[in-house]
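**Student:** This is the structure I want to talk about, given as structure tokens.
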Amino acid sequence: MRIPYSTVEDPPAPVLVLKVYSPYGDKCLTLSFKVDTGFAGGVLVPYSIYMKLELMLAEEPYPLLGRFATNETIKLYRALTKVELGDKVFQVYVYSSPFIRRKLVGREVLNKLKVLLNGPQQTLEVLNNLPLE
């Protein structure tokens, strides 16, 4: 599976396209996530998406602290749900806050995949989309 880099930013950035499900699996959204190896979590979404997928129904009972590169902290909400990449489905944590505007995929997802970033061709290639459980 090859995914072209997003050209919304300069320089272009690697992205993964994931289908994110609601806790009961009755809703889903297909979203493009910027790859961020500095983010330890699964996926980060704007709060409007978090609410649209009703992830608050599976939310952990206490918020976590997220830290920006500027060293500022915010409360993050976290819910466990399923994501789909190609024909594989696995569970990850989705994080959000009313202050979040970006969609990021972090190491919790990336560590389950074999991914090749091909800068010259500006593509991300999933070499083996089987989650390494």
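The values are calculated or read from the model by the stated rules, or taken from the named source; none is laboratory data. This is a predicted model, so every value here is computed, not measured. Every residue, glycine among them, receives a Cβ derived from its backbone with ideal geometry; neighbour counts consider all protein chains shown.
**Student:** Just checking, which of L44, L55, L29, L76 is modelled with pLDDT under 90 and hydrophobic (A, V, I, L, M, F, W, C)?
**Tutor:** L76
**Student:** Taking the stretch 1-31 only, how many residues are among the polar types (S, T, N, Q) and closer than 24 Å to L64 by Cα?
**Tutor:** Of the residues in the stretch 1-31, 1 are among the polar types (S, T, N, Q) and closer than 24 Å to L64 by Cα.
**Student:** Since V35 meets every condition but one in (1) in contact with a Lys or Arg (Cβ under 8 Å, 6 or more places away or on another chain); (2) β-branched (V, I, T); (3) surrounded by 14 or more Cβ atoms within 10 Å (Cβ to Cβ), which condition does it not meet?
**Tutor:** (1)
**Student:** Evaluate the stretch 59-77: report whether one residue or more is surrounded by 15 or more Cβ atoms within 10 Å (Cβ to Cβ), closer than 16 Å to Y21 by Cβ and touching a residue at least 24 places away in the same chain (Cβ under 8 Å).
**Tutor:** No; the residues of the stretch 59-77 include none that is surrounded by 15 or more Cβ atoms within 10 Å (Cβ to Cβ), closer than 16 Å to Y21 by Cβ and touching a residue at least 24 places away in the same chain (Cβ under 8 Å).
**Student:** Here's a check for you: in the stretch 18-32, which residue that is buried (at least 18 other Cβ atoms within 10 Å of the Cβ) and free of Cβ contacts under 8 Å to residues at least 60 places away in the same chain is nearest to V8 (Cα to Cα)?
**Tutor:** Here the residue is S22.
**Student:** Do any strands (runs of 3 or more DSSP E) lying entirely in the stretch 57-133 carry at least 3 residues that are over 13 Å from the mean Cα position of the chain (by Cα), and which ones are they?
**Tutor:** Per the criteria, 64-67, 73-85, 114-118, 123-128.
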